[in-house]
Amino acid sequence: MKIAVLPGDGIGPEIVAQALKVLDVLKRDGIAIEIEQAPIGGAGYDAAGDPLPEATLSLAREADAVLLGAVGGPQYDRLERPLRPEQGLLRIRKALNLFANLRPALLYPEIATASTLKPEVVAGLDLMIVRELTGDVYFGQPRGIEVRNGERVGYNTMIYSESEIRRVARVAFSIALKRSKKLCSVDKANVLECSELWRQVVIDVSKDYPEVELSHMYVDNAAMQLIRNPRQFDVIVTGNIFGDILSDEASMLSGSIGMLPSASLDEHNKGLYEPIHGSAPDIAGRDLANPLATILSLAMMFKYTFDDAATAERIENAVKTVIAQGYRTADIWTPGCTRVSCNQMGDAVVAAM
Ligand code: NAD
């Protein structure tokens, strides 16, 4: 198993260091893992004048999976857009053709009070959003700002091909098969032709997955239902822009951004795994960050790329154990719990393993 490790900027190196400790345990226990590190984002710009240096991209291409920390920082904000750290991330997703973004939102009962919603609404929450990542209005052509009839107009194109919808629908159906066999497809088919096609293709794909119960929901209703009764959902599949918004909404249901992992997969389940949060420059270098989202991203890597559910579960169980033992980094700390640093949290997970 060859893993490219791209720590990135800000808290990236600190949180990735904790995931590396977990990988060390797995290696010690006999799993053949090869790790190589490379810079991305601001670190890529500093090292090679490019947020996605050529050497980093070739390493990522050769690897079976990529683990990424986070990118970005105020010192890079004044660079021209193509040189900014975030471009490194967008480019690597595109270059590796990572079209399916998996964002679980899971709430450990012990930290239900960290959510802004009532504990009885969110306790036990465990849902997965599958967001299409390389198409839709974010990439559609034509796009631009131009003058028409004496005033400026801005425009973008919402576009999906059948094959793009089909492949992400297949990913979502296979995940639903492994969970509770319920899939909700979110669109805006009452208004948008693009969504009308989305719905037709998803229904077509569903014929290959008769065990999965498929439902449809308009995106405005889905936004409301996620707050009203989030536990009605198990797996949600949706397009890029709807998924962007709904997955951020869902992440807040679980309270802390420091707990949530993500995966972005290609056609062959090769994946890029990263926490959903950014580089947190406000706490970088102070050993304060929560490394659990990164460690849980590693668990997803074993589940989805290496098809090793046992190792994934081992990592997830270790995280559950440290939460149950009362260890908390500052972002999830509540009175009565043991406050730990980023490093100490990593050590606690290793001990639990
Ligand atoms: P952010 O996610 O970095 O931080 C938001 C808040 O959450 C901050 O208060 C931060 O301290 C806290 N936080 C985030 N992760 C945490 C963790 N693991 N443990 C404890 N607290 C944590 O978002 P932002 O402040 O809007 O952006 C900061 C930089 O990160 C920007 O340059 C932005 O472009 C970049 N960014 C990168 C990614 C990515 O790499 N995928 C995603 C979002 C933002």
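The values are calculated or read from the model by the stated rules, or taken from the named source; none is laboratory data. This is a predicted model, so every value here is computed, not measured. A quick note on method: Cβ atoms are made from the backbone with ideal geometry, for glycine too, and the neighbour counts reach across all protein chains shown. Note: areas computed on protein heavy atoms with side chains; ligands, DNA, RNA excluded. Shrake-Rupley method; radii C 1.70, N 1.55, O 1.52, S 1.80 Å.
From A299, A289, grab the single residue that is assigned to a helix (DSSP H, G or I), touching a residue at least 24 places away in the same chain (Cβ under 8 Å) and open to solvent by less than 10 Å² (accessible area, probe 1.4 Å). After ruling out the rest, the residue left standing is A299. Within segment 302-309, the presence of at least one residue that is of a type in the set (S, T, Y), in contact with a helix residue (DSSP H, G or I) (Cβ under 9 Å, 6 or more places away or on another chain) and under 30 Å from S174 (Cβ atoms) is confirmed.
Looking at the structure I just gave you, is R167 over 13 Å from V235 (Cβ atoms) and charged (D, E, K, R)? Here the answer is yes, as R167 does meet what is asked. So is V212 open to solvent by less than 20 Å² (accessible area, probe 1.4 Å) and free of Cβ contacts under 8 Å to residues at least 60 places away in the same chain or not? Spelling it out, V212 is indeed open to solvent by less than 20 Å² (accessible area, probe 1.4 Å) and free of Cβ contacts under 8 Å to residues at least 60 places away in the same chain.
Of all residues in segment 57-77, those that are part of a loop (DSSP other than H, G, I, E, B) and among the aliphatic types (A, V, I, L, M) total 2.
The one condition from (1) away from the ligand (no atom under 16 Å from the Cβ); (2) open to solvent by 70 Å² or more (accessible area, probe 1.4 Å); (3) over 30 Å from V237 (Cβ atoms) that R61 does not meet is (3). Among the residues making up segment 126-179, a single one is open to solvent by 70 Å² or more (accessible area, probe 1.4 Å), of a type in the set (S, T, Y) and closer than 30 Å to S254 by Cα: Y138.
Please go through segment 302-317 and pick out each residue that is free of Cβ contacts under 8 Å to residues at least 40 places away in the same chain and within 18 Å of P275 (Cβ to Cβ). F302, K303, A312, E316, listed by residue number.
Contact map, segment 37-55: first residue free of Cβ contacts under 8 Å to residues at least 12 places away in the same chain and on the phi < 0 side of the Ramachandran plot, second residue open to solvent by less than 70 Å² (accessible area, probe 1.4 Å) and not in a strand (DSSP E or B), Cβ cut-off under 7 Å, separation 6 or more or different chains; pairs are A47/P39; A47/P53. Selection within segment 268-282: residues that are touching a helix residue (DSSP H, G or I) at 6+ places or on another chain (Cβ under 8 Å) and modelled with pLDDT of 95 or more. The member of this set that is nearest to the ligand (Cβ to nearest atom) is S279.
Let's see how each residue does on (1) assigned to a helix (DSSP H, G or I); (2) surrounded by fewer than 22 Cβ atoms within 10 Å (Cβ to Cβ):
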site: M217; (1), (2): no, yes
site: N221; (1), (2): yes, yes
site: I227; (1), (2): yes, yes
site: I241; (1), (2): yes, yes
site: D244; (1), (2): yes, yes
site: S247; (1), (2): yes, no
site: S262; (1), (2): no, no
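Looking at this structure, is A351 under 30 Å from T134 (Cα atoms), surrounded by fewer than 18 Cβ atoms within 10 Å (Cβ to Cβ) and of a type in the set (G, A, S)? The answer is no for A351.
A Cβ distance below 9 Å, combined with a sequence gap of six or more or placement on separate chains, defines the contacts here; from segment 71-87, residues that are farther than 14 Å from G44 by Cβ reach residues that are open to solvent by less than 80 Å² (accessible area, probe 1.4 Å) and more than 10 Å from the ligand (Cβ to nearest atom) in the pairs R81/Q87.
In segment 78-95, the qualifying residues are those that are more than 22 Å from G243 (Cβ to Cβ) and in a helix (DSSP H, G or I), and the one that is least open to solvent (accessible area, probe 1.4 Å) is P85.
Criterion applied to L260, L265, L253 was being touching a residue at least 40 places away in the same chain (Cβ under 8 Å) and within 15 Å of the ligand (Cβ to nearest atom), and the one residue passing it is L260. Filtering segment 96-119 down to residues that are in a helix (DSSP H, G or I) and within 16 Å of the ligand (Cβ to nearest atom), which residue is farthest from S180 (Cα to Cα)? It comes out as A114.
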